[in-house]
1. Angle check, please: helix 2-13 long axis (alpha carbons) against the longest principal axis of the chain (alpha carbons), in degrees 0 to 90, nearest 10.
2. Using only Cα atoms, find the angle between the long axis of helix 99-108 and the longest principal axis of the chain, and express it within 0 to 90 degrees, rounded to the nearest 10.
3. Give the shape of the range 119-161 as rounded, prolate or oblate, defined through the alpha-carbon gyration tensor: a ≥ b ≥ c are the square roots of its eigenvalues, a/c under 1.5 means rounded, and otherwise the shape is prolate if a/b is larger than b/c and oblate if not.
4. Taking the alpha-carbon centroid of each part, what is the distance from the range 58-78 to the range 123-138 in angstrom?
5. Calculate for the chain the 222 nm mean residue ellipticity that helices alone would give, adding -39,500 (n - 2.57) per DSSP H run of length 4 or more and normalising by residue count, nearest 500 deg cm²/dmol.
6. Rounded to the nearest 5, what % of DSSP beta bridges with both residues in the chain are antiparallel?
7. With the Cα gyration tensor of the range 67-123 giving a ≥ b ≥ c as the square roots of its eigenvalues, does the rule (a/c under 1.5 for rounded; else a/b larger than b/c for prolate; else oblate) give rounded, prolate or oblate?
8. Hey, which aspartates and glutamates would be in cross-link range of K18, C-alpha to C-alpha under 12 Å, not counting anything within fewer than 8 residues on its own chain?
Amino acid sequence: MDAVRVQAREVVETPLPKVQVLGIDETRRGRPRREQDPTTGTWHPVRDRWHTGFVDALGTGGLLGQIEGRTVADVLTWLATTPPTWRKSIHYVAIDMSSPYRAAVRTGLPHATVVVDHFHVVQLADKMLSMVRRRTTAEIRGRRGRASNPEWKARRRLLRN
């Protein structure tokens, strides 16, 4: 374990590489853990099941940091641990369409431009198209769509291309 601690200390104490495009995204990790307060009997979260990862989205810096939680305060706390010169070097921040991440970036990195990563844009577009496709098919055919219907044949094209 001492060897792991030494190696981890070297990695953690290494200064962050300059980043022009910072990526922020959440990862689900297990189940939340709660403990009961013996005096009040109420339950309080001890560990959040969501973690937020910070990555170098353009370069080769990889994972820059990971924190427990996905709130504005969690992101701002991590950003506060980074040097001001490092934060100034960030020009763009790629996020999913999460309003807490957007608010945190606007507060902690006001000079950076917020962009939505393409995966989430395509996912939302596909979801909206499917809603329209279902509604239109029900109105025209009076039933659910089938794979043989023209409006359903090209259903996965957006995801493939």
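1. Long axis of 2-13 versus the principal axis of the chain: about 80 degrees.
2. Taking the Cα atoms of the chain, the angle to 99-108 is about 40 degrees.
3. Numbers: a/c = 3.93, a/b = 1.74, b/c = 2.26.
Here the range 119-161 falls in the oblate category.
4. Cα centroid of the range 58-78 versus Cα centroid of the range 123-138: 34 Å apart.
5. Values: 7 runs with 68 residues, N = 161.
Result for the chain, helices only: -12500 deg cm²/dmol.
6. Numbers: 16 of 24 bridges.
Around 65 percent of the beta bridges assigned by DSSP in the chain are antiparallel ones.
7. Working: a/c = 2.26, a/b = 1.36, b/c = 1.66.
Taking the square roots of the gyration eigenvalues as a ≥ b ≥ c, the range 67-123 is oblate.
8. Of all the aspartates and glutamates, those that pass the test against K18 - Cα under 12 Å, at least 8 places apart if same chain - are D56.
The values are calculated or read from the model by the stated rules, or taken from the named source; none is laboratory data. These numbers come from a predicted model, not from an experiment. Note that each Cβ is placed from the backbone with ideal geometry, even for glycine, and that neighbours are counted across all protein chains shown. When the accessible area is computed, the model is the full protein with side chains, heavy atoms only, and any ligands, DNA or RNA have been set aside. Shrake-Rupley method; radii C 1.70, N 1.55, O 1.52, S 1.80 Å.
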